[in-house]
Amino acid sequence: MPPGYAVAVFGEIDSTMDEARRRAETFSQPIWIVAERQTKGRGRRSRTWESGDGNLLCTLSLHLQHSLAEAAKLSFLAALCVAEMLDQYVGDAQRIRLKWPNDVLLDDRKAAGILLESAKQDTATTWLSLGIGVNLAQHPQVAMWPATSLRAAGIDAPHPHAALEVLARRFAVWLARWQTDGFAPVKAGWLARAAR
């Protein structure tokens with residue numbers, strides 16, 4: 001993990017998002033929570049998130065000195081980071097696009113989803129949890145939006161922990177930039193990759 005970030009690894013867990021919520025009051029630094037399998041993974045609107053073996057299932061939980069509205073903009077930042085992580089394996093950034101509000105597409109099919117939860121802890125601090133699921137080795141056969149995985153696209157699927165290392169490094173870089181330069185660079189980067 002990048003300096004200043006912790007990681008907790010589980011073989012099986014109900015949901016990395018649920019674990020982040022359980023730890024919300026107790027962690028002292030940003031923490032990545034990753035699991036090989038989830039029994040109650042979820043996406044937007046409480047939809048079930050299928051947790052195929054070999055996929056990246058993780059949540060980043062952190063405290064921010066920002067309003068809830070500002071913290072919510074990190075969903076765009078997370079999407080950029082997932083796209084840049086996929087760039088490393090796909091080798092062609094044009095194949096990877098971002099779809100409002102929370103999907104990362106590979107060849108116009110959903111390859112990753114992002115779920116954001118937040119709460120105000122006190123007058124100055126916001127707790128934020130970014131759940132990220134990336135279809136590395138498998139993908140749902142039936143979904144609201146046609147889905148794919150790296151493997152289905154003919155690309156060698158990395159081990160989820162290797163993918164997490166790349167994702168965590170990209171996130172640390174973008175978060176530092178957001179804290180220094182504000183939302184404008186994130187917005188520009190997201191729009192440059194926007195689907196349609």
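The values are calculated or read from the model by the stated rules, or taken from the named source; none is laboratory data. Source: prediction; values computed, not measured. To get the accessible areas, we keep the full protein, side chains included, count just its heavy atoms, and leave off ligands, DNA and RNA. Shrake-Rupley method; radii C 1.70, N 1.55, O 1.52, S 1.80 Å.
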Rg (Å, one decimal) plus Dmax (Å, integer) for the alpha carbons of the chain?
15.5, 49
Taking only Cα atoms and a 10 Å spring cutoff, compute GNM fluctuations for the chain and point out the largest among SER129, SER118, SER67.
SER67
Which residue fluctuates most in the GNM of the chain (Cα springs below 10 Å): ALA69, ALA168, ALA111?
ALA69
Express the carbon and sulfur contribution to the solvent-accessible surface of the chain as a percent, rounded to the nearest whole number, probe 1.4 angstrom.
50
Using only DSSP helix segments of four residues or longer, with each worth -39500 (n - 2.57), what per-residue ellipticity at 222 nm results for the chain after dividing by its residue count and rounding to 500?
-9500 deg cm²/dmol
Using the 2.2 N^0.38 Å rule of thumb for compact globular proteins, work out how the range 1-114 stacks up: its C-alpha Rg over that value, please.
1.10
Quick one: accessible area per residue over the chain, 1.4 Å probe, rounded to a whole number of Å²?
47
With every protein chain left in place and a probe of 1.4 Å, what is the accessible surface of THR16, to the nearest 10 Å²?
0
The range 63-135 versus the range 1-34: alpha-carbon centroid distance in Å
16
Over the range 69-152, relative contact order from alpha-carbon pairs under 8 Å, at least 6 apart, %:
23
Stick to Cα atoms and the Kirkwood definition of Rh, then tell me Rg/Rh for the range 118-196.
1.05
